[in-house]
Amino acid sequence: MNKQLNKTSKFLSYILRHQPETIGITLDTDGWVNIDNLIMQANQHAEPLTRELLERVVKTSDKKRFTISDDGLKIRAAQGHSTQQVKISHVEQTPPEFLYHGTATRFINSIKKQGLVSGNRHYVHLSDNVKTANKVGERHGKPVVLKVKALQMYQQGFKFYFADNGVWLTNAIPNTFLIFD
Ligand code: HQG
């Protein structure tokens with residue numbers, strides 16, 4: 001991804017997941033914002049966003065971070081939110097037997113004690129494969145991948161959700177459902 005696309009992707013992540021108010025926009029409960037309005041407000045705050053640039057970022061995003069609505073009018077981040085403006089009704093779904101969470105070795109002692117918590121974000125994020133989880137972990141330091149007994153959790157009443165981009169979400173994971181080896 002070239003530098004400009006990367007910069008715009010980071011900008012969109014920040015605005016659509018965390019701080020929409022910094023450029024004076026409001027997201028609806030499902031995380032959507034009108035694209036023309038987003039572009040206008042971004043430009044007013046010195047961010048050189050255009051429809052073309054936005055579409056290129058959406059198309060080239062390795063993790064499919066953003067979704068454009070079917071009518072082409074709105075955009076949202078698929079997952080990863082911390083802003084209280086948003087409460088997406090993600091699709092509830094039965095998970096596979098195991099899911100994976102990538103983290104860094106420095107967090108392991110704490111996770112062993114507390115289980116996985118969502119922190120600032122709305123959910124704990126999980127992948128259906130080790131490779132992706134490992135990449136997520138690398139963002140935080142020396143990566144380590146935890147195996148999650150997802151189906152067992154589900155059978156005991158925990159809810160799992162599937163985001164637009166294939167990321168699995170759940171509220172929190174007690175340590176008894178984590179495999180650390
Ligand atoms: C850790 C990225 C100590 C947790 C990814 C993680 C994902 C604990 C960090 C999405 C803990 C939070 C989310 C506990 C959890 N004690 N540490 N009890 N419980 N943690 O960034 O999952 O590239 O908020 O293991 O691909 O890393 O931004 O979450 O290391 O889909 O598009 O606390 O964001 O996507 O870090 O990443 P994060 P995450 P993007």
For the stretch 126-147: of the residues being more than 11 Å from the ligand (Cβ to nearest atom) and more than 18 Å from the chain's Cα centre (by Cα), which is farthest from residue 96 (Cα to Cα)?
142
For the stretch 122-181 the number of residues that are in a helix (DSSP H, G or I), β-branched (Val, Ile, Thr) and either farther than 20 Å from residue 112 by Cα or at pLDDT below 95 (or both) is 1
Checked against (1) under 30 Å from residue 148 (Cβ atoms); (2) over 17 Å from the mean Cα position of the chain (by Cα), residue 7 satisfies every condition except (1)
The stretch 132-153 residues that are surrounded by fewer than 15 Cβ atoms within 10 Å (Cβ to Cβ), paired with ones that are among the polar types (S, T, N, Q) (beta carbon under 6 Å, 6 or more apart)
142/105
For the stretch 102-123, check the following and say yes or no: at least one residue is under 28 Å from residue 59 (Cα atoms), touching a Pro at 6+ places or on another chain (Cβ under 9 Å) and near the ligand (Cβ under 10 Å from one of its atoms).
yes
Checking residue 154 against (1) within 7 Å of the ligand (Cβ to nearest atom); (2) over 14 Å from the mean Cα position of the chain (by Cα): exactly one of these is not met. Which one?
(1)
What pairs come out if I take residues in the stretch 103-123 that are of a type in the set (Gly, Ala, Ser) and pair them with residues that are in a loop (DSSP other than H, G, I, E, B) and near the ligand (Cβ under 7 Å from one of its atoms) whose C-beta lies under 9 Å away, six or more apart or interchain?
104/139; 104/140
Could you count how many residues in the stretch 45-59 are loosely packed, with under 13 Cβ neighbours inside 10 Å and either touching a Phe, Trp or Tyr at 6+ places or on another chain (Cβ under 9 Å) or farther than 14 Å from residue 11 by Cβ (or both)?
3
Of everything in the stretch 56-85, what is among the polar types (S, T, N, Q), out of contact with any helix residue (DSSP H, G or I) (no Cβ under 7 Å at 6 or more places or on another chain), more than 9 Å from the ligand (Cβ to nearest atom) and touching a residue at least 24 places away in the same chain (Cβ under 8 Å)? Give them in sequence order.
67, 69
What are the residues in the stretch 23-39 that are among the aliphatic types (A, V, I, L, M) and exposed (fewer than 15 other Cβ atoms within 10 Å of the Cβ), if any?
none
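The values are calculated or read from the model by the stated rules, or taken from the named source; none is laboratory data. Everything numeric here is computed off the predicted structure, so don't read it as measured data. Here the Cβ is made from the backbone with ideal geometry for all residues, glycine too, and neighbour counts use every protein chain on show.
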